[in-house]
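Notes follow once the structure below has been shown.
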Amino acid sequence: MSQSNVLFATNRNTSREDLFSRAEAISADLSRRAAELDREGRPPLAEIVKLKNSGLLNALHAPETGGGGLDWVDGLKLTRILARGESSIGQLLGYHYVNSQYVYWAFDEARARVLGNETVARNLYWGAAVNPRDPGLVLTRRGGGYVLNGSKSFSTAAHVSDYINANASLDGEVVGFAVPTSRPGYTANDDWDNFGQRLSDSGSVEFHDFPVYEEDFVDAPHAAPPVLATFNTPLIQLVFVNFYLGTAEGALQAAIDYVRSTTRPWVTSGVERAADDPYILERIGEFTAALKASVALADSAAAAVQASLARGHHVSERERGEAAAEAYAAKVHATHVSLDITSRVFELTGARSTAERHRFDRFWRNVRTHTLHDPVFYKAKEVGEFVLNDRVPEVSLYS
C-alpha cells in the first residue's frame, strides 16, 4: 500500500504563474540536495508530498474541479523544470500527468469524472503497471468480482502511487483497469538497484488476490481502443523527451556553477580564470545551442500533440499518427543531445569534479538508464517510415 495515501489541502484553482513559480522553487531545492538524494536512492515519499502540497499534481485538471487548467505544452515544461533539479522527480511528475489524464480518454465520461474529481480532491498520485514486455498479471473471476495475481518486474512509483493504471490477462485477452493501491494484496518491493533514476521508485510489485471490480475496468475492454485513448504513448514519449532535456539543462548549469567557483584555468591557457578559457566558452556555447534547439523541437512537438488531442473523440488515426511522428522526432534528438551533454560536461569542470561527493555523473547515469527504456533507433525508424513512406507509427504502448 502506498505510504502517501493521506489527505492534503488542495491548492484549488492555482494560477499558471504560481504553478511555475512553485516548480522552480522545488527544482532549486532538489538541486541543492540531489547528490545526497542520489546517494541514498530511497523512494521519494517526502518529494511526492511536496508535489501534492504545491498543487503541481493537479496542474492539468480542469479549473472547475480545482485543477490548474494547464495544457500539455505547459505540463511538459513543468516536467522539464523539475528534472533540472532531480531527474527522477521530473520523470515521476510527467508519468503522473499521463496516467492521471488517461482516465479521461479511456473511461466512459461518468466514471472519468468520478476518478478525476477524486484525484484532485485528495491530491492522488497516479502510477502504472502496464509494461507489455512484462505481462505477469492475471485476473480471475471470484464471487461478484475479480482477483488479480502476479508481479511486474518494474513499476515506476511503486511505493508512492495512490492509484495505478494496470493491465492483465483475463480469459486469454488483455484488459485494462484503474485501481487504488490501498486495497489489500498490493506489495511494492525494495529492489530497484539500477545505477540511474535512483529516486524513480521503479522496483517490482506483486498482487496477491488483489480485488478488482467491474467499475475499475476501462470502458469496452474487448473492443479496440478509441483513437483518443492511444494518446498516452506519444505523450509519455514527450515526458521522456522533457525530463531528458531537463536533466541535461541541470547538468550544464551545475557545470557552469562549478567553473565559476572552482575550476582552475589550464596552465597554457593564458587566462587567469577558467571562465575566460576560450575552449570552455566554446563548449558552453555549443552545449547551449544544442539544448535550445532540442527544447524548441520538444515544445513544437508538444504543441502538435496538444492540437490533435484537443479534437477529442473527433481526432482521426491519421492526425494521431502525424502528431506521434513529431513527438518521436523530438525523442530522437533529445536522446542524442542529453547523452552527449551529460557525458561531456566534465570537459568543462576538470578532473577534480569527478570526486564522489559531487556525483556529477548522476546526470549521465539518469539519462543513460532511462534512454534504454525503448531503443531510440526504433523511434528514428518510425520517423523515417513516416517521412519516406508516409506510414504513421503503429499504435502500441511503445509507438
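Bear in mind these aren't lab numbers, they're just calculated from the coordinates by the rules spelled out. Keep in mind that what you see is a predicted model, and the values were worked out from it rather than measured. We place every Cβ from the backbone using ideal geometry, glycine too, and count neighbours over all the protein chains shown.
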Legend entry - Pair residue 62, residue 215: separation of 7 Å Cα→Cβ label points (nm): 2.0
Inset, instruction - Work from the charge dipole of the chain (Cβ charges, +1 for Lys and Arg, -1 for Asp and Glu, about the Cα centre) and give the residue of 20, 146, 104 farthest towards its positive end. - result: 20
Legend entry - Excluding exposed DSSP-loop trypsin sites (Lys or Arg not before Pro) (at most 11 other C-beta within 10 Å), longest clean stretch of the chain: 134-356
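Taking the Cα centre of region 14-59 as origin, sum charge times position over the Cβ atoms of Lys and Arg (+1) and Asp and Glu (-1), and report the length of that vector in debye to the nearest 20. The partial results should precede the final answer.
Details: 8 positive and 8 negative charges, 21 e Å.
That gives a dipole near 100 debye.
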Inset, instruction - Can you work out the PRE-style zone for residue 50? Point 7 Å along Cα to Cβ, and I want the residues of region 62-88 with backbone N under 19 Å. - result: 77-88
Legend entry - Potential extension, residue 397-residue 271 segment - 0.36 nm per residue separation minus Cα distance: 40.0 nm
Inset, instruction - Select from 275, 355, 129 the residue whose mean-square fluctuation is largest in a Gaussian network model of the chain (Cα-Cα springs shorter than 10 Å). - result: 355
Legend entry - Formal net charge of residues neighbouring residue 129 (Cβ-Cβ distance under 14 Å; K, R +1; D, E -1): -2
Inset, instruction - Estimate the FRET efficiency between residue 282 and residue 17 by the formula 1/(1 + (r/R0)^6), using the beta-carbon distance for r and 22 Å for R0, to the nearest 0.05. - result: 0.05
Inset, instruction - Classify region 147-252 as rounded, prolate or oblate, taking a ≥ b ≥ c as the square roots of the eigenvalues of its Cα gyration tensor: rounded when a/c is under 1.5, otherwise prolate if a/b is larger than b/c and oblate if not. - result: oblate
Inset, instruction - Over 18 Å between C-alpha atoms is what I'm after, so list which of 52/152; 50/292; 331/381; 77/331; 292/331 land there. - result: 52/152; 50/292
Legend entry - Summed residue charge, Cβ within 11 Å of residue 383's Cβ, Lys/Arg positive, Asp/Glu negative: +1
Inset, instruction - Name the most mobile residue of 164, 284, 81, meaning the one with the largest mean-square fluctuation, in a Gaussian network model of the chain with Cα contacts below 10 Å. - result: 284
Legend entry - Simple spin-label estimate for residue 340 and residue 71 in nanometres, 7 Å along Cα-Cβ: 3.0
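For residue 227, what charge total do you get from the other residues with a beta carbon under 10 Å from its beta carbon, if Lys and Arg give +1 and Asp and Glu give -1? Provide the component values of the computation, followed by the final result.
Values: positive: 311, 318, 320; negative: 317, 319.
Local charge sum for residue 227: +1.
Restricting to Cα pairs below 8 Å that are 6+ residues apart, what does the relative contact order work out to for region 129-216? Please round to a whole percent. Please report the intermediate quantities before stating the final value.
Values: 180 pairs, mean separation 31.3, N = 88.
Value for region 129-216: 36 percent.
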Legend entry - Helix-derived mean residue ellipticity, 222 nm - over the chain, DSSP H n ≥ 4, -39500 (n - 2.57), to 500: -17000 deg cm²/dmol
Legend entry - Candidates 317, 173, 206, ranked by Gaussian network fluctuation over the chain, Cα under 10 Å, top entry: 173
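How much length would be gained if the chain were fully extended between residue 317 and residue 381, taking 0.36 nm per residue of separation minus their Cα-Cα distance, in nm to one decimal?
Numbers: separation 64, 0.36 × 64 = 23.04 nm, distance 1.93 nm.
Once the chain is fully extended between residue 317 and residue 381, it gains 21.1 nm.
Calculate the dipole size of region 283-343 relative to its Cα centre from +1 charges on Lys and Arg beta carbons and -1 charges on Asp and Glu beta carbons; express the result in debye to the nearest 20. Show your work: numbers first, answer last.
On the way: 6 positive and 7 negative charges, 13 e Å.
My answer is approximately 60 debye.
Suppose every K and R has +1 on its Cβ and every D and E has -1 on its Cβ; what is the size of the dipole of region 129-216 about the Cα centre, in Debye to the nearest 20? Before the final figure, lay out each step's value.
Values: 6 positive and 13 negative charges, 13 e Å.
In total the dipole reaches around 60 debye.
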Legend entry - Full-extension gain in nm, residue 296 to residue 141, via 0.36 nm per residue minus C-alpha separation: 50.8 nm
Inset, instruction - Rank 59, 291, 123 by how far each Cα sits towards the positive end of the charge dipole of the chain (+1 on Lys, Arg Cβ; -1 on Asp, Glu Cβ) and give me just the farthest. - result: 291
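Based on the Cβ-Cβ distance from residue 42 to residue 356, what FRET efficiency comes out when R0 is 22 Å, to the nearest 0.05?
E between residue 42 and residue 356, to the nearest 0.05, is 0.75.
Tell me the volume per residue, in Å³, of the convex hull enclosing the alpha carbons of the chain.
Values: hull volume 52.5 nm³, N = 399.
Each residue corresponds to 132 Å³ of Cα convex hull volume.
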Legend entry - Filtered chymotrypsin sites (Phe, Trp or Tyr not before Pro), region 271-363: DSSP coil and at most 10 other beta carbons within 10 Å: none
